[in-house]
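Asks: Next up is a structure, given as structure tokens.
The values are calculated or read from the model by the stated rules, or taken from the named source; none is laboratory data. Since the model is a prediction, treat every value here as computed from it, not as a measurement. Counting neighbours? That spans all protein chains shown, and the Cβs are built from the backbone with ideal geometry, glycine included.
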Amino acid sequence: MNTKDEKVQEISIHQLAEVLKREKDFLLIDIREKSEIQTGYLKGALFIAPDEILEKVTEMGIDGERPLILYCGFGIKSLDVGRKLKKHGYKNVYTLREGFEGWRAAGYEFSGDAQFSPEQLTRYSRHILLKEIGIEGQRRLIQSKILIVGAGGLGSPSALYLAAAGAGTIGIIDHDVVDLSNLQRQVIHTTDRVGLPKVESARETLKKLNPDVNIITYNERLSKENGLRIFSGYDIVIDGSDNFPTKFLINDLAFFTGIPYVFGGVFQFEGQISLFHPHGGGPCLRCVFPNPPPQGVVPSCSEVGILGVVPGLIGVLQAQECIKVLLGIGDPLIGRFLNFDALRTSFVTFTVKKNSSCSLCGENPTIKKIEESEQFCESRIWIA
Ligand SMILES: [Zn+2]
């Protein structure tokens, strides 16, 4: 190997400070000992021990062109490790002259909270590689608290993907038990758990998928009595409910607790999703549907069928919107209502607007506290 090719370029502390401000497409790697990292580290850094670095960057699928910036304590050891990476085909390797101690002495900002374990780095590597997520985004997911109402057709895929994504806490409320007829679409449950509470079955599956996730279960029906107690402390709520009154109750609880509401609904071959967040400038469910359809106009849940993959798709989209909101990336479905038609394989998005005379989030609201509406039953678009 040509020695010139293996030369690692050093960057100064001030250059790194500029790069951190401007660039996004690099990976910053801290190669120090655990005891050193505990005294502080650079925001956004990955922690990889020198003897594991080749294995880790290979596992993470980092391509050879991606700029890698290494730092150690004083800028000596990182040169050795940098040369090793260059020898193995990583072309753009840089090291920090004077290392972390130089950075700290120069008075630049550094972080001091808990870092990722090597297992977490590997588990979440495909997120960390995305510049829109990175180590900071993953940390935000790990710190998030997500409530899912219903461990059924919508709640199953939502919960599975959010647990896989590393959501720190997932709360699940459901008062039902697993029935054989659920298994055609409620993929979080298994045949041997028929008769068990759905929340227990969901916990077991999610823990096997990702033991890091804290699962909180509520084996009860969401009501105006328990709603505020259950909602308090969560960052966002996902609607996996199967009836109109519960959807309106979720809407109102989300409004009064100030959290975004990821709405979902399915019927036969169709699904709907939106993100209601009046505190974020969008409409609420009551802005869009002030007058629910009268009882008896449409068949009830038990009378209509549902293509199993439809809640699968909508539930995954709900998890996606939830992650986007938690990370502050992309354009969330605020002010938009998406309709999915499985028979046509079509996705159509409608604009939905805030209603200034909305009874909940309008200028002169008539709903000032939690009240569960009982005067209507299921409507054709709300059945899960
Ligand atoms: Zn409203």
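Asks: Give me a count of the residues in segment 255-280 that are outside any strand (DSSP E or B), at pLDDT 95 or above and within 18 Å of L326 (Cβ to Cβ).
Replies: Here the count works out to 5.
Asks: Being assigned to a helix (DSSP H, G or I) and either basic (K, R) or under 21 Å from F263 (Cα atoms) (or both) is the filter here; which residues of segment 190-241 pass it?
Replies: Across segment 190-241, the qualifying residues are R193, K198, V199, A202, R203, K207, K208, G227, L228, R229, I230, F231.
Asks: When the residues of segment 160-182 are filtered to those that are aliphatic (A, V, I, L, M) and part of a helix (DSSP H, G or I), which remaining residue is nearest to P197 (Cα to Cα)?
Replies: L180
Asks: Given the options F256, F244, F267, name the one that is assigned by TED's automatic domain parsing to the domain that holds L154 and either closer than 25 Å to R139 by Cβ or within 24 Å of the chain's Cα centre (by Cα) (or both).
Replies: F256
Asks: Any idea which of (1) assigned to a loop (DSSP other than H, G, I, E, B); (2) at pLDDT 95 or above; (3) within 16 Å of the ligand (Cβ to nearest atom) is the one P292 doesn't satisfy?
Replies: (2)
Asks: Could you give me the residue pairs with C-beta distances under 6 Å whose first residue belongs to segment 324-342 and is at pLDDT 95 or above and among the aromatic types (F, W, Y), whose second residue is buried (at least 18 other Cβ atoms within 10 Å of the Cβ) and part of a loop (DSSP other than H, G, I, E, B) wherever it lies, and which are 6+ apart or on separate chains?
Replies: Listed by first residue and then by second, the contacts come to F337/V352.
Asks: Exactly one of these conditions fails for D30: (1) crowded, with 17+ Cβ neighbours inside 10 Å; (2) over 27 Å from the mean Cα position of the chain (by Cα). Give me its number.
Replies: Only one criterion is unmet by D30, namely (2).
Asks: Here are some conditions: (1) surrounded by 14 or more Cβ atoms within 10 Å (Cβ to Cβ); (2) on the phi > 0 side of the Ramachandran plot. G89 meets all but one. Which one does it not meet?
Replies: In the conditions (1) surrounded by 14 or more Cβ atoms within 10 Å (Cβ to Cβ); (2) on the phi > 0 side of the Ramachandran plot, G89 misses (1) alone.
Asks: So R104 clears everything in (1) within 30 Å of N210 (Cβ to Cβ); (2) surrounded by 13 or more Cβ atoms within 10 Å (Cβ to Cβ) except one condition, right? Which one?
Replies: So the condition that R104 fails would be (1).
Asks: Consider segment 347-362. How many of its residues are among the hydroxyl-bearing types (S, T, Y), surrounded by 10 or more Cβ atoms within 10 Å (Cβ to Cβ) and not in a loop (DSSP other than H, G, I, E, B)?
Replies: Adding up the residues that qualify gives 1.
Asks: Consider segment 26-48. How many of its residues are within 17 Å of I128 (Cα to Cα) and without any contact (Cβ under 8 Å) to a residue 24 or more places away in the chain?
Replies: The total comes to 0.
Asks: For segment 50-80, which residues satisfy the criterion of being crowded, with 22+ Cβ neighbours inside 10 Å and farther than 19 Å from G40 by Cβ?
Replies: Selection gives V57, L68.
Asks: Does segment 66-91 hold any residues that are part of a loop (DSSP other than H, G, I, E, B), closer than 21 Å to H14 by Cβ and free of Cβ contacts under 8 Å to residues at least 60 places away in the same chain, and which are they?
Replies: P67, C72, G73, F74, I76
Asks: Test each condition in (1) within 20 Å of the chain's Cα centre (by Cα); (2) crowded, with 19+ Cβ neighbours inside 10 Å for K207 and report the one that comes out false.
Replies: (2)
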